[in-house]
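The values are calculated or read from the model by the stated rules, or taken from the named source; none is laboratory data. Please read all numbers here as calculations on a predicted model, not as lab measurements. FYI the Cβ positions are ideal-geometry reconstructions off the backbone, even for glycines, and counts take in every protein chain you see.
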């Protein structure tokens, strides 16, 4: 288990090493504190959270391996399970659990979060605006993690644009598997941002007293506005993806139509030739040219002329285009 402890004092965030917690669950130093907990087993996390006097329902949510977007609130404590991104192997969202209880903020995650470490380093270095309370840090954490979606949206948009260009110039190079994979990426991004919007909307609507002050509500309302903007952006990507899929189907139908057209032309050309060979191949008397010395050459020549005339006719009518 790895723990980083930060103390909020005099408008600045200070890193504390080692983590200092009294038996009653209060920070060893006065002021508000932020505890970032990562890579903890269930038993380690239970033992660490035991003296913090969390509500049993919140404690169970912290220890449960199953995460769901939502904002349960009990007494002076608020819990938020915020989805961040998807695990590539399983396709399931990865969550950061935040618990705000009085003068203490807990962030709990299983895997390393470089973005969260980067934000904490910036806050300790004083690169952000002065910090006055823990809800402000909650806002900065959610805002910083939600900003990661912007880069993902840009990457997905560029992939859609690149595939659309390839589909226009060289349709045969776009496979159904590649298109399905890109569509799956868009669907995952849509689901992720919808869950994030659900989280921040519920956080803004939470009636817990720690979030009721007007200046604190302003932070949350700003998060909701940004999440709604992100949702509109990802919906536009979904529309582009649907248009691209429709264009792929149209291009694929066009390829099939061209192949069927060629087969139809070949069948139309060979049909009279097959009729001639069938008539001349009958084993009955009285067939013309049977005793002629150059009968075979004459028949083959007539067949070539007929095929050439048909080919010229279809070319003139534009059937090969």
*What about residue 238, is it surrounded by 12 or more Cβ atoms within 10 Å (Cβ to Cβ), under 30 Å from residue 162 (Cβ atoms), touching a residue at least 40 places away in the same chain (Cβ under 8 Å) and touching a helix residue (DSSP H, G or I) at 6+ places or on another chain (Cβ under 9 Å)?*
yes
_For the stretch 140-161, check the following and say yes or no: at least one residue is part of a helix (DSSP H, G or I), surrounded by 17 or more Cβ atoms within 10 Å (Cβ to Cβ), in contact (Cβ under 8 Å) with a residue 60 or more places away in the chain and touching a strand residue (DSSP E or B) at 6+ places or on another chain (Cβ under 7 Å)._
yes
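Let's see how each residue does on (1) modelled with pLDDT under 80; (2) surrounded by fewer than 17 Cβ atoms within 10 Å (Cβ to Cβ); (3) outside the structural domain of residue 143 (by TED's automatic domain parsing):
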site	(1), (2), (3)
10	yes, yes, no
14	no, yes, no
19	yes, yes, no
35	no, no, no
38	no, no, no
68	yes, yes, no
83	no, no, no
87	yes, yes, no
90	yes, yes, no
_Which numbered condition residue 175 fails, given (1) touching a residue at least 24 places away in the same chain (Cβ under 8 Å); (2) over 13 Å from the mean Cα position of the chain (by Cα)_ = (1)
_One residue from 92, 60 being in contact with a strand residue (DSSP E or B) (Cβ under 7 Å, 6 or more places away or on another chain) and farther than 19 Å from residue 33 by Cβ_ = 92
